[in-house]
Amino acid sequence: MTAPTGEPADRRWPRSVYGEGTEPDPRFSPANERTFLAWIRTALGFVAAGVAVAELARIGSRLVGVEVRVAALVLAPHRFGQWRRRSVPVDRNERALRRGERLPSTFLLPVVTGVLVVVALIALLIVGLSR
Amino acid sequence: MRERYASAGVQNERTRLAWQRTLLSGLACALLVARVLASLWVSLALAIALLALATTAVMSWLVIERYRVNHNALVARRQLPDAKTPFLVTVLVALSVVGALAYLVLI
């Protein structure tokens with residue numbers, strides 16, 4: 001779909017995205033935005049989980065406290081990574097939409113799954129140790 | 001115009017709902033942090049809770065505005081809004097992550 005005529009100059013930010021290609025189907029950009037928001041919610045879930053885990057560290061024994069802190073420290077950099085990487089693929093997705101190219105894939109799904117598995121194992125270990 | 005708007009279906013509404021869910025998640029997260037901090041440092045916890053409420057209020061207003069702009073753009077075949085609001089959310093989440101890391105290091 002080409003840009004409608006009589007439109008004021010496109011000043012939308014960032015130019016690295018909106019300066020490329022043509023205007024995509026209006027359904028696609030909000031869909032991309034919703035995907036971004038879903039990732040943000042996932043990251044917020046990790047923040048909440050990290051806080052909950054850190055809070056557990058203060059009620060457990062010393063050994064459990066150390067283990068829980070390790071789990072929290074695994075969660076914390078991960079959610080930072082999520083934030084950092086998210087800001088890139090959203091741009092890439094929107095740019096691909098505008099150019100009519102294929103959408104890029106993301107490494108993040110297996111990473112998220114892997115981190116969740118590691119955290120679950122640590123949690124199991126803690127439950128086992130605290131018995 | 002009408003055809004374009006109809007083909008967009010309820011995209012705009014779904015997007016607004018996704019924004020509202022995200023804002024609620026962020027608010028819940030911040031209030032959880034405030035609740036946890038309350039036993040250590042009451043005034044900081046209160047400040048975080050108030051800041052979270054104020055931020056959510058401002059963001060809600062931005063989301064309503066975005067919905068309106070989207071709606072008008074779809075009906076009048078104008079350009080959809082750009083990426084400033086998503087970027088703002090990203091910055092807010094990043095700030096809260098920095099705060100959470102500081103808390104982890106300090107406890």
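At-a-glance table
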item: All positions within region B:67-91 that are more than 21 Å from A:Glu20 (Cα to Cα) and facing another protein chain (nearest Cβ under 7 Å); result: B:Val89, B:Thr90
item: Residue that is nearest to the chain's Cα centre (by Cα) [pool: residues in region A:92-117 that are closer than 24 Å to A:Ala54 by Cβ and surrounded by fewer than 15 Cβ atoms within 10 Å (Cβ to Cβ)]; result: A:Val111
item: Selection count where residues are among the hydroxyl-bearing types (Ser, Thr, Tyr) and more than 10 Å from every other protein chain (Cβ to nearest Cβ), scope region B:6-65; result: 4
item: Single match in B:Ala73, B:Ala54, B:Ala47 (criterion: closer than 21 Å to A:Gly50 by Cβ and assigned to a helix (DSSP H, G or I)); result: B:Ala47
item: Test: B:Leu31 is within 19 Å of the chain's Cα centre (by Cα), at pLDDT 95 or above and either over 30 Å from A:Pro8 (Cα atoms) or polar (S, T, N, Q) (or both); result: no
item: Residue selected from region B:34-43 under the condition within 18 Å of B:Leu101 (Cβ to Cβ) and surrounded by 14 or more Cβ atoms within 10 Å (Cβ to Cβ), by the criterion modelled with the highest pLDDT; result: B:Ala34
item: Within region A:94-131, tally of residues that are of a type outside the set (A, V, I, L, M) and in a helix (DSSP H, G or I); result: 8
item: Pairs with Cβ under 7 Å, 6+ apart, first in region A:15-40 and facing another protein chain (nearest Cβ under 9 Å), second β-branched (Val, Ile, Thr) and assigned to a helix (DSSP H, G or I); result: A:Pro30/B:Thr15; A:Glu33/B:Thr15; A:Arg34/B:Thr15; A:Phe36/A:Val90; A:Leu37/B:Thr22; A:Ile40/B:Thr22; A:Ile40/B:Val89; A:Ile40/B:Val93
item: Residue in region A:24-44 that is nearest to A:Leu97 (Cα to Cα), counting only those that are in contact with a helix residue (DSSP H, G or I) (Cβ under 7 Å, 6 or more places away or on another chain) and outside any helix (DSSP H, G or I); result: A:Pro24
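The values are calculated or read from the model by the stated rules, or taken from the named source; none is laboratory data. Keep in mind that what you see is a predicted model, and the values were worked out from it rather than measured. Virtual Cβ from ideal backbone geometry, glycine too; neighbours counted across all protein chains shown.
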